[in-house]
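What follows is a set of notes on a single structure, which appears directly below.
Just so you know, all these numbers are worked out from the coordinates, no wet-lab data involved. Note that the structure is predicted; figures quoted are calculated from it, not measured. In this analysis, Cβ positions are derived from the backbone assuming ideal geometry, glycine residues included, and neighbour counts consider all displayed protein chains.
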Amino acid sequence: MRQRHLGELTAGAIGLGAMPLSIEGRPDEARALATVHAALDAGVTLLDTADSYHLPGQDPGHNERLLARALATYGGGTDGVLVATKGGRGRPADGSWTVTGAPARLKAAAEASLRRLGVEAIGLYQLHKPDPAVPFEDSVGALRELLDEGKIRLAGLSNVDADQIRRARAILGDRLVSVQNRYSPETRDSDPELRLCAELGLAFMPWSPLGGISRSSLDGPSGRAADARYAAFHEVARERGVSPQQVCLAWLLSLSPTVLPIPGASRPETIRDSAGAAELLLTAGERARLPRAALPGPV
């Protein structure tokens with residue numbers, strides 16, 4: 001699989017968003033483990049999780065423990081696998097998503113994630129969402145302390161704007177390696193953040209990258225009727241003999257060499273299809289039929 005950079009590390013150009021394996025509608029454990037193993041078999045080396053990926057009010061950290069079991073039971077090598085987790089959100093019994101960015105809470109969350117993952121240091125730890133009740137610099141300062149203490153190796157941000165990226169960069173320097181925002185054919189309001197990540201050399205990791213082609217796990221069942229606004233993805237897919245989802249991920253990869261999509265999956269066949277996008281190179285003519293890139297010129 002083609003590679004993308006996260007600081008000095010590299011990872012396969014398509015990652016796995018593991019959230020669907022632990023929230024509402026999740027598969028049984030056997031299929032969940034098979035999905036992670038299929039991802040690894042396909043060359044996926046970035047597994048994205050969070051302590052809040054669990055059923056409402058039940059079993060916090062379920063997804064992290066699941067990934068730890070998947071790696072422990074995988075038949076191949078896992079030395080090159082990067083597990084990226086997040087802290088700063090919660091899932092109470094009412095099914096909402098809370099935000100808790102206080103430094104003490106973030107540090108305690110990171111230490112709990114460390115134990116669940118069973119590692120000496122978390123490969124990539126991300127602030128899940130800025131807390132409007134806490135100064136942003138205080139939350140980022142907790143990441144810096146975790147880095148200094150050796151509990152995390154790299155830091156990232158999620159659901160942030162361009163100004164917050166710059167402010168975090170001033171605090172963390174080169175140890176800030178990634179930004180994870182929602183981005184897809186349907187949701188493109190993070191164009192400024194994508195451009196800034198390209199300028200700074202930060203990995204831009206779109207979550208729910210198939211919006212307009214498929215639904216996010218946050219939005220309900222994955223089945224979705226074709227949207228006429230995105231017909232070109234389906235047309236190119238028919239011509240190339242691949243899925244529209246694979247064309248969508250290939251399009252995202254074509255926007256910038258820093259883009260590293262993390263599509264969700266709950267079946268082995270789904271992540272195998274997504275992983276194939278890393279080798280699907282779109283022609284200039286095909287790119288011209290798809291939404292205009294946020295950055296000038298193809299990769």
Read phi for every residue in the range 4-18 and hand back ³J(HN,Hα) as whole Hz from Karplus 6.51 cos²θ - 1.76 cosθ + 1.60, θ = phi - 60°, with x for Gly and Pro.
10, 9, 10, x, 7, 8, 10, 9, x, 5, 10, x, 10, x, 8
What Kirkwood Rh does the chain have if only Cα atoms enter the pairwise 1/r average? Answer in Å.
19.1
Given backbone amide H placed at 1.01 Å from N, residues whose amide H is under 5 Å from that of Arg2, ignoring those fewer than 5 places away on the same chain, are Ala13
Amide H neighbours of Gly264 at under 5 Å, excluding residues fewer than 5 places away on the same chain, with H built from the backbone geometry, are Gly17, Ser208
Relative compactness, the range 1-106, computed as alpha-carbon Rg over 2.2 N^0.38 Å
1.12
Take the chain, connect every pair of alpha-carbon atoms lying under 10 Å apart with a spring to form a Gaussian network, then pick out the residue of Leu55, Leu200, Leu82 with the largest mean-square fluctuation.
Leu200
Tell me the mean residue ellipticity at 222 nm calculated for the chain from its helices only (DSSP H runs of n ≥ 4, each -39500 (n - 2.57), averaged over every residue, nearest 500).
-11000 deg cm²/dmol
Which one of Glu269, Glu239, Glu29 has the biggest mean-square fluctuation once the chain is modelled by GNM with Cα springs under 10 Å?
Glu239
Where in the range 120-135 does the amide nitrogen come within less than 15 Å of the point 7 Å from the Cα of Trp97, taken along Cα to Cβ?
126-132
Under the Karplus relation 6.51 cos²θ - 1.76 cosθ + 1.60, θ = phi - 60°, what is the ordered set of whole-Hz ³J(HN,Hα) values for the range 161-168, x standing for Gly and Pro?
9, 5, 4, 5, 4, 5, 5, 5
In Hz, Karplus ³J(HN,Hα) per residue of the range 104-112 (6.51, -1.76, 1.60; θ = phi - 60°; x = Gly, Pro)
4, 5, 5, 5, 5, 5, 5, 5, 5
